[in-house]
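So the structure is just underneath, and the comments pick up after that.
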Amino acid sequence: MKPEKIVDACKLVVEDGEFYHLTTITGVDEGQVITLFYHFWRGKEFLSVKTSVPKTDPRLQSIALALPASLFYEAEVADLLGVVFVGSPMAGKKLLLPDSYPPEAPPPLRKESNPKQIRKMMGLE
C-alpha cells in the first residue's frame with residue numbers, strides 16, 4: 001500500500017470490509033525502510049494493511065481522526081521506531097519512553113540502536 005493511501009485504505013477496511021477492530025499497529029525496521037502493518041479483526045478473521053516509509057523521512061499520515069483506536073498504537077510506533085504520524089493528537093508526546101531519553105539517540109527498536117550506548121547517554125551506566 002502506498003503510504004499516502006493509508007488513511008483511505010484503513011477507513012475502507014472498517015467501513016466496507018466490516019473489520020470493526022484495529023488490534024494493533026506493528027512496525028519493523030527493515031534497513032532502508034520501516035514497514036508498518038495495521039492489523040484488523042472481525043470475528044475469527046484477521047486482515048492486515050501493509051505500508052512502508054523510508055527511514056530517512058519516516059512520516060505517515062495519522063489515521064487517528066478516522067480511527068481513534070489507533071492513537072496509542074501510533075504513539076507506541078512513534079516512540080519505538082521514530083515514525084512521525086502527521087496530524088496525530090499525540091505528535092511530539094512520549095508514551096513509553098522516559099522524558100530523559102536522549103533526543104540524539106536513535107529510537108530503541110531501530111537496527112542502529114545501541115542499548116548500552118543509550119544507557120550511558122542517560123547516565124544509567
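Only the coordinates and a few stated rules stand behind these numbers; no lab work does. Everything numeric here is computed off the predicted structure, so don't read it as measured data. Methodologically, a virtual Cβ is constructed for each residue, glycine included, from the backbone with ideal geometry; neighbour enumeration extends over all protein chains shown.
Here are the numbers for the structure shown:
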{"item": "Single residue of segment 16-47 satisfying the filter (part of a strand (DSSP E or B) and among the hydroxyl-bearing types (Ser, Thr, Tyr)) that is surrounded by the most Cβ atoms within 10 Å (Cβ to Cβ)", "result": "TYR38"}
{"item": "Subset of segment 71-88 (residues that are part of a helix (DSSP H, G or I) and of a type outside the set (A, V, I, L, M, F, W, C))", "result": "TYR73, GLU74, GLU76, ASP79"}
{"item": "Residue check for PRO89: of a type outside the set (Gly, Ala, Ser), within 22 Å of VAL33 (Cα to Cα), surrounded by 12 or more Cβ atoms within 10 Å (Cβ to Cβ) and under 17 Å from the mean Cα position of the chain (by Cα)", "result": "no"}
{"item": "Exclusive hit being of a type outside the set (Ser, Thr, Tyr), more than 30 Å from MET121 (Cβ to Cβ) and surrounded by 14 or more Cβ atoms within 10 Å (Cβ to Cβ), set VAL83, VAL13", "result": "VAL13"}
{"item": "Close pairs from segment 68-91: first among the hydroxyl-bearing types (Ser, Thr, Tyr), partner in a helix (DSSP H, G or I), Cβ under 6 Å, at least 6 apart", "result": "SER88/GLU74"}
{"item": "Enumeration of residues in segment 48-70 that are in contact with a Ser or Thr (Cβ under 9 Å, 6 or more places away or on another chain) and in a loop (DSSP other than H, G, I, E, B)", "result": "SER62, ILE63, ALA64, LEU65"}
{"item": "Residues located in segment 41-100, provided they are of a type in the set (D, E, K, R) and either touching a strand residue (DSSP E or B) at 6+ places or on another chain (Cβ under 8 Å) or under 25 Å from GLU112 (Cα atoms) (or both)", "result": "ARG42, LYS50, LYS55, ASP57, ARG59, GLU74, GLU76, ASP79, LYS93, LYS94, ASP99"}
